[in-house]
Amino acid sequence: MTRARIFGEGSEFGEWLRRQESIPSNKVVASDCDFVIHRHTTDVGTHGTREVQSMMLLEVKTRNGEPRWSQLDTMWLTHICANTRKPRRTIRHQNKKVFHEGVAFLSLSATTPEDSDLIRWGRFGATAKIDWTPIAADMLLSLLRFELDLDSFAPRPYRPHHASNSVVEIERFPLGFDSPVVVTYKS
């Protein structure tokens, strides 16, 4: 039998799962996923447009809660497997770049950002330990829209970083005449 819920209501499947004596709680961790956040964006830059998708798993804890060790261990392994940014691995889906940010944590002092005095954003560091940062509700919205890097809070984490330079070169054509041609080099 798995451990009973502490707060809130679970699903009917979750209640059924917790009653199964053949699934030992010391060998199997059954943890629901609170939210999968998936954003589609079109980035317009000097190199044209590109379609980018951003994803993360978000575990929400209310009443200043934090994950227990068993859930933390499972989330750490999920984070390592899902996080495509470290090391840089790009997934392509329908000819679009997909970045999966792994697992993020949100701890609220009450039950919503509006009624909480303290909002904490958590991310895994180099180990299975959560680094917590107090944030404001408007910053939370920017993080959920992927407008900020989930770790450093720097703006626009998926903006193009490649510089380009256009130069005019003289090209000799097969008929023997020279003509200026604009060539764009991308770094």
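If you filter the stretch 97-153 for trypsin sites (Lys or Arg not before Pro), then keep DSSP loop positions with at most 13 other Cβ within 10 Å, what is left?
Counting only loop positions with at most 13 other Cβ atoms within 10 Å, the trypsin sites (Lys or Arg not before Pro) in the stretch 97-153 are K129, R145.
Counting only residues 5 or more places away or on other chains, whose amide H sits under 5 Å from the amide H of I119 once H atoms are built in the peptide plane?
Those qualifying (amide H under 5 Å, at least 5 residues apart or on another chain) are I135.
Project the alpha carbons of the stretch 59-159 onto their principal axes and report the range along each, largest first, in whole Å.
That gives 42, 31, 22 Å along the principal axes, largest extent first.
Read-outs throughout are calculated quantities, based only on the coordinates presented, and are distinct from any laboratory measurement. Not measured: the values here are computed from a predicted model. Ideal geometry is used to build each Cβ from the backbone, glycine not excepted, and the neighbour counts take in all protein chains shown.
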